[in-house]
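To start, the structure under review is shown below, and the notes come after it.
Values in this text are rule-based calculations from the coordinates and carry no lab data. Predicted model, so just to flag it, every value in this text is computed and none were measured. Cβ placement follows ideal geometry from the backbone for every residue including glycine, while neighbour counts extend to all protein chains displayed.
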Amino acid sequence: MKTLYEGLFIFPESLDEEGLDQSIARVKEELEKLGGSLESTTRMGKKTFARPLKKQKAGLYVVMMFRLEGTKIDAFKHRLKLTSNVFRHQFVEAAVAGAAQEA
């Protein structure tokens, strides 16, 4: 059964609009290769880090809602490191995120 996840992706600030579009498309490709599906994408824009990370001072934040089997989430993380322009990523089950907001 596929679980709904909320993923926060941070891309390098050096990307232009076209580069960001291509990077998001690569993430979607990797997700689909593992049998997942992208539900929605929300661009949050450029945000400055609290402290520099790997000599970067800011990043482009994108929130993606996607469905993927829980057993394949580690494979998805591994594929992101190898093939995409993702600087950082974090995933949370959407049901858990909704319950935390209600509390």
Across Leu15, Leu31, Leu68, the residue with the highest GNM fluctuation in the chain (Cα network, 10 Å cutoff) is Leu15
Please check: in the Gaussian network model of the chain (C-alpha springs, under 10 Å), which one of Phe49, Phe11, Phe91 has the largest mean-square fluctuation.
Phe49
Ignoring solvent entirely, what values of log10 I(q)/I(0) come out of the Debye formula for the chain at 0.15 Å⁻¹ when each Cα is a single scatterer?
-0.62
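What percent does the relative contact order of region 1-95 come to when contacts are Cα pairs within less than 8 Å and at least six residues apart?
Numbers: 160 pairs, mean separation 47.2, N = 95.
Worked out over region 1-95, it gives 50 percent.
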Which of Thr83, Thr71, Thr3 comes first, and how do the rest follow, when ranked by fewest Cβ neighbours within 10 Å?
Thr71, Thr83, Thr3
Thr41 versus Lys81: modelled label distance in nm, points set 7 Å from Cα along the beta carbon direction
2.4
Region 1-60 -> Rg/Rh from Cα coords, Kirkwood Rh, value 1.02
